[in-house]
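Since every read-out is calculated from the coordinates, none of them should be taken as a lab result. Every value quoted in this text rests on a predicted model; they were computed, and no experiment measured them. Here the Cβ positions follow ideal geometry from the backbone for every residue, glycine too, while neighbour counts run over all protein chains shown.
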Amino acid sequence: MAEFFIEISAQDNGDHLIHKSDCSLLPAKEAIYYLGSISSISSAAKKAGERFARPTGCSQCSPG
Ligand SMILES: [Zn+2]
């Protein structure tokens, strides 16, 4: 399990990046939404999809 967060603001292309809690690219806590302790990036993306239109794994911490 890992703790996953998603960026509240979208990237220029509309994607909302998902990060693990230890990612060096994780924004300040005011700019992220806690998704929970989740087993995989695919499960985290599915959960994020309930709230954000285009969740995408961060290329550094959550590729694929
Ligand atoms: Zn990341």
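Here the contact order of the range 2-57, divided by its residue count and restricted to Cα pairs under 8 Å and six or more residues apart, works out to 43 percent. The sum of -39500 (n - 2.57) across all DSSP H runs of n ≥ 4, divided by the residue count of the chain, sets its helix-only mean residue ellipticity at 222 nm to -3500 deg cm²/dmol. With springs only between Cα atoms under 10 Å, which of Lys29, Lys47, Lys20 fluctuates most in a Gaussian network model of the chain? Checking each option, the largest mean-square fluctuation is seen for Lys29.
For Phe4, Phe52, the sequence from fewest to most other C-beta atoms within 10 Å is Phe52, Phe4. Note on Leu35, Leu17, Leu26: ascending count of other Cβ atoms within 10 Å places them as Leu26, Leu35, Leu17, the fewest first. Other residues lying with their Cβ under 15 Å from the Cβ of Pro55 contribute a combined charge of +2, Lys and Arg counting +1, Asp and Glu -1. Volume per residue of the convex hull around the Cα atoms, evaluated for the chain, comes out as 74 Å³.
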